[in-house]
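As structure tokens, the structure follows; a few thoughts come after it.
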């Protein structure tokens, strides 16, 4: 049991290293969200502290979303280059490989969350009690799980090329419609009502509530849990289908 | 005391669409032997290896690895393998990769040993995806060795290596086999099978067509080659001579494959047909061609059409390095 656990973490460590060495990953999940956050909040004289806080949470969520989805790109890549097949002939069971990947996802979302929160606190002067910072970071971290599962599902189901395209579509679609870039209040009514069903909107909503010192609403929690279950099923089915052919 | 075999195929079949990639394979791999699966591209070597490793399941029959299911032997860390189709793993160094794979095995080889056996010590901190094809092939060899497995399975292990690297590779492999480990490799290089294997299993169209040492293979393919000049005489009578199994005429010279060279030569002498006589033992190459060609002829007769191997050869004539 302990060897199983240490093998899984050793595998996750290897995959985390590989992910962080991917320059495309670093730029798109650290550079882009931080830059967009600073641009959106400092152009056009938007000095409203509430907006700076809300945008900070939105962009941190956007960064975490991108990092979580990119996990699928890695899986699809390793499916095509034979690494997943090579892993199958090591004593490591396929289940531990997936667990290690999910663990990788849980770690590689942290830099984007941290970077945007740091930019908020240090550059944009966002102020909150320490406990609230911790709560916001934790909510962003845990809330990214459904997207990690979505990324895994894409990676196991699709070819590398298709995974890239689908990830970009999921990333932009969920970010924009979920109100991570622009507040949902600016949306026409019909789009706002669509937004309220998206996992990204509920993800950011929960973290924003904490940033404003409120407790996240049960609707948000229930919807997020529902999406997590849906994406989890998608990931499990995709994995099982591909496990036979890897 | 006889030990149970390392691996056993019991009448294993596997079909991919219309292709019978394994067509009733029966084979027992003894412990400690170095066995070559020899065959052309598309003969079914990789299929046999994938079945052996549990990467694929047979349509019928059974594969037993160390007395149980292949998955169990793999999970117990008794097998290391080098697959054919792998590309380098991106963004990882040689040491990280080999070290990680070693760590998944219960009793691995020290990473430094695996690196040195594969000739990678100087490249340990280089990224795997930035190595040359031959170096990357050595990384895959180190990955196969890292767990210190009892059985090592190598699918076309030297296809990307130059002559010198090939020599080094086989030296390392021999060292590993000498420690009592079992080695199974597939190849389409006859010389490799001849020089490095204790036992050669010739696979063709998903079947085992011969099994034995190089000498036994040559014998089973039918003895020797006899060549004579025709001196303008018609060649028709040659195929009726005792022992002759095949006649090939090039210009004025006839080359006969014979199961009994003595009888053939006596018959030639009786007909006063000895001109520029040459008698030579069959080379492994001749034996291989005879063993595999025989099947093609039979199949072509059976089905009235060419085989998948013929098609493969027609589309990829340069990829047939059997010499």
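The values are calculated or read from the model by the stated rules, or taken from the named source; none is laboratory data. Just so it is clear, the structure is predicted and the values come from calculations on it, not from any experiment. No Cβ is skipped: glycine too gets one built from the backbone with ideal geometry, and neighbour counts run over all protein chains shown.
Looking only at residues that are within 13 Å of another protein chain (Cβ to nearest Cβ) and assigned to a helix (DSSP H, G or I) in segment B:112-136, which one is modelled with the lowest pLDDT?
Going through the qualifying residues, I end up with B:136.
Residue A:90 is checked against (1) crowded, with 24+ Cβ neighbours inside 10 Å; (2) more than 10 Å from every other protein chain (Cβ to nearest Cβ); (3) more than 21 Å from residue A:167 (Cα to Cα) and fails just one. What number does that condition carry?
Looking at each condition in turn, residue A:90 falls short on (2).
I'm told residue B:101 meets every condition in (1) more than 9 Å from every other protein chain (Cβ to nearest Cβ); (2) farther than 25 Å from residue B:15 by Cα; (3) part of a helix (DSSP H, G or I) except one. Can you identify the failing condition by its number?
Single failed check for residue B:101: (1).
Go over the candidates B:31, B:62, B:20 one by one and state the one that is part of a loop (DSSP other than H, G, I, E, B) and surrounded by fewer than 21 Cβ atoms within 10 Å (Cβ to Cβ). Give the derivation first.
Details: B:62 fails: part of a loop (DSSP other than H, G, I, E, B); B:20 fails: part of a loop (DSSP other than H, G, I, E, B).
Just one listed residue meets the conditions, B:31.
Considering only residues that are modelled with pLDDT under 95 and crowded, with 24+ Cβ neighbours inside 10 Å, which ones fall in segment A:42-57? First the steps, then the outcome.
Residues of segment A:42-57 modelled with pLDDT under 95: A:42-55.
Scanning segment A:42-57 gives a single hit, A:55.
Kindly provide the set of residues from segment A:133-161 that are more than 11 Å from the chain's Cα centre (by Cα), surrounded by fewer than 20 Cβ atoms within 10 Å (Cβ to Cβ) and modelled with pLDDT of 95 or more, ordered by number.
Once the filter is applied, which keeps residues that are more than 11 Å from the chain's Cα centre (by Cα), surrounded by fewer than 20 Cβ atoms within 10 Å (Cβ to Cβ) and modelled with pLDDT of 95 or more, segment A:133-161 yields A:133, A:134, A:135, A:137, A:138.
With the requirement that a residue be within 17 Å of the chain's Cα centre (by Cα), in contact (Cβ under 8 Å) with a residue 60 or more places away in the chain and more than 14 Å from chain B (Cβ to nearest Cβ), what does segment A:11-50 give you?
Across segment A:11-50, the qualifying residues are A:29, A:30, A:33, A:34, A:36, A:37.
If I ask for residues that are buried (at least 21 other Cβ atoms within 10 Å of the Cβ), at pLDDT 95 or above and more than 7 Å from chain A (Cβ to nearest Cβ), which ones from segment B:79-98 would you list?
Listed by number, the residues that qualify are B:80, B:94, B:97, B:98.
Does residue A:117 satisfy the condition of being crowded, with 18+ Cβ neighbours inside 10 Å, modelled with pLDDT of 95 or more and closer than 30 Å to residue B:73 by Cα?
No, not satisfied.
Listed residues A:68, A:60, A:76, A:55; which is away from chain B (no Cβ under 14 Å), under 30 Å from residue B:85 (Cβ atoms) and out of contact with any strand residue (DSSP E or B) (no Cβ under 6 Å at 6 or more places or on another chain)? Give the derivation first.
Values: A:60 fails: under 30 Å from residue B:85 (Cβ atoms); A:76 fails: away from chain B (no Cβ under 14 Å); A:55 fails: under 30 Å from residue B:85 (Cβ atoms).
One residue alone meets the criteria, A:68.
Could you list, in sequence order, all residues of segment B:191-229 that are without any contact (Cβ under 8 Å) to a residue 60 or more places away in the chain and in a loop (DSSP other than H, G, I, E, B)?
The answer is B:213, B:223.
Please work out which residue is nearest to the other protein chains (Cβ to nearest Cβ), limiting yourself to segment B:159-184 and to residues that are in contact with a strand residue (DSSP E or B) (Cβ under 7 Å, 6 or more places away or on another chain) and not in a helix (DSSP H, G or I).
B:184
Residue A:165 fails exactly one of the following numbered conditions: (1) in a helix (DSSP H, G or I); (2) closer than 30 Å to residue A:126 by Cα; (3) free of Cβ contacts under 8 Å to residues at least 24 places away in the same chain. What is the number of that condition?
Condition not satisfied by residue A:165: (2).
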